[in-house]
Structure formats: structure tokens, C-alpha cells
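The values are calculated or read from the model by the stated rules, or taken from the named source; none is laboratory data. No experiment lies behind these values; they were computed from the predicted model shown. Glycine gets a Cβ as well: all are built from the backbone with ideal geometry, and neighbour counts include every protein chain shown. SASA here: full protein model, heavy atoms, side chains in, ligands and nucleic acids out. Shrake-Rupley method; radii C 1.70, N 1.55, O 1.52, S 1.80 Å.
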Amino acid sequence: QAKESGRNKYSLYSSCVGQRHHQALRLEQALRKALAQQQLEVHYQPKVDLRTGQLQSLEALVRWYDKELGQVPPEHFIALAETLGLIQQLGQQVLRQVCYQLQSWAELAVPVAVNISAKELADPLFVAQFRQILAETAVDPKLLELEITESCLLPERENQTRHTLQQLRHLGIRLAIDDFGTGYSSLSYLRHLPIHSLKIDRSFIKALPENGSDKQITSAIIAMANALGLDLIAEGIETQAQKEFLLAAGCQYGQGYWFGKAQDPAATRVLLEKATDYSMHSNKDSVVAE
Ligand code: C2E
Ligand code: MG
Ligand code: MG
Ligand code: MG
């Protein structure tokens, strides 16, 4: 066994050195080490009910701080983990941390959404490993939501994906489509897949409320979600004007720097315990800004 893994290591490096940039290799080594030593952390960003100003749930976002590389953005290392076949391990570490966190927040009963990449969902072991973590932590599956992007739902994979999603749904887990509107898939999956919510991609929110076509697209997505009975959440709300437009247009939930960035578990617990009023919060901020 040792011999085998030694040989794999050797062939990996010998085939790559000289072809890859030194930087990329350093990042790869650092990521392997971070995973081996379980150095990744999870931060939590609030999702807010725009109508009541109350926190509705949280999104778990992975964070990696490396002593030499500094804070590495998920955009850099998630794709790398997928390429290197490390995404399953990464995903499990994140999910396990989230479930232990939910356990320690049990009395607060706050739902948490976890991002899952297409590669994880395609793994035939995914559901079994997921069940194992749920059993280990005794977390109520109803408190968990999985965020998947439309690229997970490519038509050629639809049967297999549908099966996995149905199994997850039977466990009581909620499913959300992340970055909605940016993928190239057809909308037919909305009829076939057990989805609970859509997250409108930040790119549509950015230029609201000035941009006419973004207003039209956003309004159309809101109407469609309402007609289909899906929860709808707008990502990337950064201004009060964006929030007001979305609320008036009938979008119930929102998320973005206007309400708050992702924070570590200790800071998040404070938010949860003081039952932060986000309608007040934004009023207060705009007063300060004036
Ligand atoms: P996402 O799931 O669409 O998450 C939203 C991203 O937008 C997060 O970036 C968040 O910090 C950022 N964001 C939130 N509000 C605002 C805002 O008002 N303005 C702007 N400009 N940005 C905002 P982050 O944490 O860097 O994550 C980037 C992406 O990496 C995520 O996009 C998700 O696709 C992926 N990711 C993060 N954590 C995980 C994870 O644990 N597993 C997997 N598979 N992917 C993850
Ligand atoms: Mg997400
Ligand atoms: Mg998103
Ligand atoms: Mg995204």
C-alpha cells in the first residue's frame, strides 16, 4: 500500500513538473496539505426574509487561510480540487463541519445551505457518505439545504442526477438551484427535479434598479418561481435600492453584503442570538452613510 501511494506520488510529480507553473504546483501542494490537516474553515452568510427583516437561514462558505499564500478565494481552489479529484474530500470536510456546527446550535434551529459541486453530485457514493455524516452528528436533515448549480443538471446526466436528488429529498434535505439564470441548461428540469428554491444570480442584481432589461429578467424569474411554488432568493444585494426593488417585485428572500458578509461561527452565533433585525440594520447603515 505504502509502495503504491509512493509510486502514485512519484508519477504525478514527474509528469507535471516543468509543464506547470511553479505557482500552481505550490497551490496544489498547499491544498493537499490543508485537506490532510483539515485546515479549511466554514463561514456563514445570512439569508434574510425581505418582508420581515429576519434572518431566515445561513449559507456555508468554505474559507482557506494558508500561512504563505494568505487567504485563498474559493474560486481558485474549488476548481483545483475538482481537477485534482479532491473535491469529494473537501465537500465531506465542509459538510461534517456544518453538521457539527448545527449540533452546537441545536437550540437555535437555524437552517444552513451547503454548496455542492457537480463532481460531488455525480459520485455514486455521495448519498451514502452524506447519510453517514448525518448519522454521526444526529442533525435534523430538514435543517440542511444543498445548493447546486445548473451545470449539475446537464441533460445527459439527468436520469442519474434525478435519482440522487430524489434520494436526498427522501432524507428530508432541501435543494436549491444556485446562480440561477447563468447556466446553459433548459428549464425542463424544473418540472422533473425535486427542487425547493431558486437563487437568482448576482449578475442580474448588480445593475438594479437602473437597468431595464435586468429589471425585466428579474421580474420574470420572480413570476416564474411564484407560479411554480418555489422559494426565491436574490444573491448579491449590496444596496438598499436593490433590496427595495426586489421586495416590491415580490422576491421574498435576499442575501448580500448589504445584510452582511460570511462570518466565522463565533460571530455568526452572536447574530443568531441577538435575533438581528435586518430591516433596522439597513436603515441604520443608510443613516450612517448620509
Ligand atoms: P456561491 O455559492 O454563489 O456564493 C456566493 C458568493 O458570493 C460567495 O463568495 C459570497 O461571499 C459572495 N457574495 C455574497 N454576497 C455578495 C455581495 O453582495 N456582493 C458580492 N460581490 N459578492 C457576494 P465566495 O465565498 O468567494 O464563494 C464563491 C463560490 O465558491 C460560491 O459561489 C460557490 O460556488 C463556491 N463555494 C464556496 N464554498 C463552497 C463549498 O463549501 N463547496 C463548494 N463545492 N463550493 C463552494
Ligand atoms: Mg451558493
Ligand atoms: Mg450563487
Ligand atoms: Mg457562484
In segment 194-208, which residues are surrounded by fewer than 18 Cβ atoms within 10 Å (Cβ to Cβ) and away from ligand 4 (no atom under 16 Å from the Cβ)? P194, H196, A207
State whether one or more residues within segment 204-223 are more than 29 Å from V139 (Cβ to Cβ), outside any loop (DSSP other than H, G, I, E, B) and within 19 Å of the chain's Cα centre (by Cα). yes
For segment 145-183 the number of residues that are within 16 Å of ligand 3 (Cβ to nearest atom), more than 13 Å from A118 (Cα to Cα) and open to solvent by 30 Å² or more (accessible area, probe 1.4 Å) is 4
Checked A79, A113, A30, A36 against criteria (at pLDDT 95 or above and out of contact with any Asp or Glu (no Cβ under 9 Å at 6 or more places or on another chain)); the one match is A36
Inspect all residues belonging to segment 242-257 and state whether any of them is open to solvent by 60 Å² or more (accessible area, probe 1.4 Å), under 22 Å from the mean Cα position of the chain (by Cα) and within 16 Å of ligand 2 (Cβ to nearest atom). yes
Would you mind stating whether G172 is within 16 Å of ligand 2 (Cβ to nearest atom), in contact with a helix residue (DSSP H, G or I) (Cβ under 8 Å, 6 or more places away or on another chain), free of Cβ contacts under 8 Å to residues at least 60 places away in the same chain and among the small types (G, A, S)? no
So in segment 128-144, with the set limited to residues that are open to solvent by less than 40 Å² (accessible area, probe 1.4 Å) and hydrophobic (A, V, I, L, M, F, W, C), which one is farthest from A267 (Cα to Cα)? F130
List the pairs whose first member sits in segment 207-227 and is under 18 Å from Y253 (Cβ atoms), whose second member is open to solvent by less than 20 Å² (accessible area, probe 1.4 Å) and charged (D, E, K, R), and whose Cβ atoms are under 7 Å apart, counting only residues at least 6 apart or on separate chains? none
